1. Could you tell me whether residue 36 is among the basic types (Lys, Arg) and farther than 15 Å from residue 118 by Cα?
2. Select from region 37-49 the residues that are more than 14 Å from the chain's Cα centre (by Cα) and surrounded by fewer than 18 Cβ atoms within 10 Å (Cβ to Cβ) and list them in ascending order.
3. Consider residue 54 against the criteria (1) within 30 Å of residue 131 (Cα to Cα); (2) free of Cβ contacts under 8 Å to residues at least 60 places away in the same chain; (3) not small (Gly, Ala, Ser): it satisfies all of them except one. Which criterion is unmet?
4. Filtering region 1-33 down to residues that are of a type in the set (Gly, Ala, Ser) and under 21 Å from residue 137 (Cβ atoms), which residue is nearest to the chain's Cα centre (by Cα)?
5. Of the conditions (1) surrounded by 10 or more Cβ atoms within 10 Å (Cβ to Cβ); (2) at pLDDT 85 or above; (3) in a helix (DSSP H, G or I), residue 150 satisfies every one except a single condition; which number is it?
6. Within region 60-103, track down each residue that is polar (S, T, N, Q) and free of Cβ contacts under 8 Å to residues at least 40 places away in the same chain.
7. Can you say whether residue 106 is surrounded by 11 or more Cβ atoms within 10 Å (Cβ to Cβ), modelled with pLDDT under 85 and either under 24 Å from the mean Cα position of the chain (by Cα) or assigned to a helix (DSSP H, G or I) (or both), as far as the supplied structure shows?
8. Check whether at least one residue in region 58-66 is surrounded by 13 or more Cβ atoms within 10 Å (Cβ to Cβ), at negative phi and in a loop (DSSP other than H, G, I, E, B), and report yes or no.
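The values are calculated or read from the model by the stated rules, or taken from the named source; none is laboratory data. In this text, all values refer to a predicted model and were calculated from it rather than measured experimentally. Cβ atoms come from the backbone with ideal geometry, glycine included; neighbour counts cover every protein chain shown.
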Amino acid sequence: MNRLYLTTGLPSIIPSYALNTKYLLSHLFEEGQEVKKEDIHIAAFMVGIEITRIGKKLDFPLVCYKNEKDGTNLNIDTFDEDEDGNLISPVKMVVDNIFFEDLINFLEISCEVLHGYWYDGANTGQGPCTREYCLSKFINLLFKESLKKNMGGN
């Protein structure tokens with residue numbers, strides 16, 4: 001919850017040259033960064049990905065897909081893989097930059113970025129995009145107040 005923020009500005013379609021994991025993550029704002037710095041210009045993004053490999057299995061599912069029959073989202077905790085560990089049926093998902101980083105860091109996925117939108121301020125005529133950390137500041141305030149109340153026997 002502490003990582004949540006609001007993004008200001010208008011989104012734009014991610015150009016084809018940037019539709020890859022390396023580019024997106026190397027140009028994404030760092031934690032706590034509020035405005036563009038040099039080549040770090042992506043405030044946030046939402047992308048469609050196709051997961052081709054899941055390197056680490058966890059006891060709880062993070063990967064889900066849309067059931068074509070009834071449109072519900074289904075979690076996947078077992079995967080059909082070939083002898084090299086690649087998924088036989090790649091999984092398509094739409095994720096934001098926070099979940100994208102979590103899938104890479106915790107599940108060690110390999111994926112192809114198919115399409116998406118980003119908040120980078122380019123080509124929108126609205127100026128640069130920023131992050132507003134008012135949500136995380138409020139969550140921290142509530143947490144500190146809760147600690148005070150708990151220490152007081154409440």
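1. So residue 36 fails the test.
2. 37, 38, 39, 40
3. For residue 54, the failing item is (1).
4. Restricting to residues being of a type in the set (Gly, Ala, Ser) and under 21 Å from residue 137 (Cβ atoms), the top hit is 32.
5. Here residue 150 meets the rest and fails (1).
6. Answer for region 60-103, where residues must be polar (S, T, N, Q) and free of Cβ contacts under 8 Å to residues at least 40 places away in the same chain: 67, 72, 73, 75, 78, 86, 89.
7. No; evaluated as a whole, the condition is false for this residue.
8. yes
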